[in-house]
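Trainee: Here it is, the structure in full.
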Amino acid sequence: MKNVLLVLVFLCGFLGATSSVQAQTSNGFGLKAGFNYSYNGSYFRDAQLIFGDPLDNMGYHVGVFGKYHLGPVFVKPEIYFTNFVTNVVEQGVENRLITRRFDLPFLVGVNLIGRTLSVFGGPSGHLFLRDDITGDGGEFNAGFQVGVGLNFGRLGLDLRFERILNAQQVSFSDAVDFNTTDFRFQQLELGISLNF
């Protein structure tokens with residue numbers, strides 16, 4: 001409950017700051033949503049999972065953002081809810097891990113063709129609400145995001161890569177052995193946004 005209250009206070013401050021900046025400039029805020037594909041860095045094993053059931057590691061995100069242009073450079077703080085599933089295969093046994101969290105990226109980008117094409121990147125904080133993985137991250141973890149975006153008026157489309165910086169450990173037990181696997185969350189996000 002304390003974490004949810006913290007996120008709500010942050011969201012109110014974020015929206016207040018965004019509306020005051022919007023009143024002074026042509027910058028603004030908006031809504032965003034999209035799909036995630038999560039994987040844990042074992043590319044060949046993940047490729048097998050994709051060919052087996054490509055929708056198995058899919059998730060979604062929905063939230064708000066602010067975007068402030070400073071010439072060809074922009075800053076874009078965001079807050080959004082993310083829900084995703086990660087399948088981890090250990091000794092032939094597939095384990096399905098569910099994660100729900102608030103993501104708090106602070107992105108800095110450069111507009112390349114007017115404001116139509118952009119590249120961006122920056123740090124991202126993650127406040128975990130539900131995490132089937134117990135490990136170093138606890139309730140808060142940090143990572144980074146990099147990506148490319150297309151803007152068509154008020155409508156935006158972006159593709160980004162995200163990675164958690166701190167390795168997390170997940171433990172699996174079967175009838176004979178107890179195994180611990182280290183991995184870092186990674187995901188691809190495809191999002192659509194509407195700027196107000």
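Trainee: What residue, among those in the stretch 143-167 that are basic (Lys, Arg) and either surrounded by 14 or more Cβ atoms within 10 Å (Cβ to Cβ) or assigned to a strand (DSSP E or B) (or both), is modelled with the lowest pLDDT?
Mentor: Among them, the one singled out is Arg163.
Trainee: Would it be correct to say that Val170 is closer than 24 Å to Val93 by Cα and either outside any loop (DSSP other than H, G, I, E, B) or at pLDDT 70 or above (or both)? Please lay out each step first, then the result.
Mentor: Working: closer than 24 Å to Val93 by Cα: yes; either outside any loop (DSSP other than H, G, I, E, B) or at pLDDT 70 or above (or both): yes.
Here the answer is yes, as Val170 does meet what is asked.
Trainee: Failed condition for Phe140, given (1) modelled with pLDDT under 95; (2) in contact with an Asp or Glu (Cβ under 9 Å, 6 or more places away or on another chain); (3) among the hydrophobic types (A, V, I, L, M, F, W, C), with all others met?
Mentor: Of the numbered conditions (1) modelled with pLDDT under 95; (2) in contact with an Asp or Glu (Cβ under 9 Å, 6 or more places away or on another chain); (3) among the hydrophobic types (A, V, I, L, M, F, W, C), the odd one out for Phe140 is (2).
Condition check ((1) without any contact (Cβ under 8 Å) to a residue 40 or more places away in the chain; (2) hydroxyl-bearing (Ser, Thr, Tyr); (3) in contact with a Ser or Thr (Cβ under 6 Å, 6 or more places away or on another chain)) across all residues:
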{"site": "Gly71", "(1), (2), (3)": "yes, no, no"}
{"site": "Val75", "(1), (2), (3)": "yes, no, no"}
{"site": "Tyr80", "(1), (2), (3)": "no, yes, no"}
{"site": "Val93", "(1), (2), (3)": "no, no, no"}
{"site": "Phe102", "(1), (2), (3)": "no, no, no"}
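Trainee: Take the residues in the stretch 41-90 that are at pLDDT 70 or above and polar (S, T, N, Q); name whichever of them is farthest from Val148 (Cα to Cα).
Mentor: Among those residues, the one meeting the criterion is Asn87.
The values are calculated or read from the model by the stated rules, or taken from the named source; none is laboratory data. Since this is a predicted model, take the numbers as computed values, not measurements. All Cβ positions, even for glycine, are placed from backbone atoms using ideal geometry, and neighbour counts span all protein chains on display.
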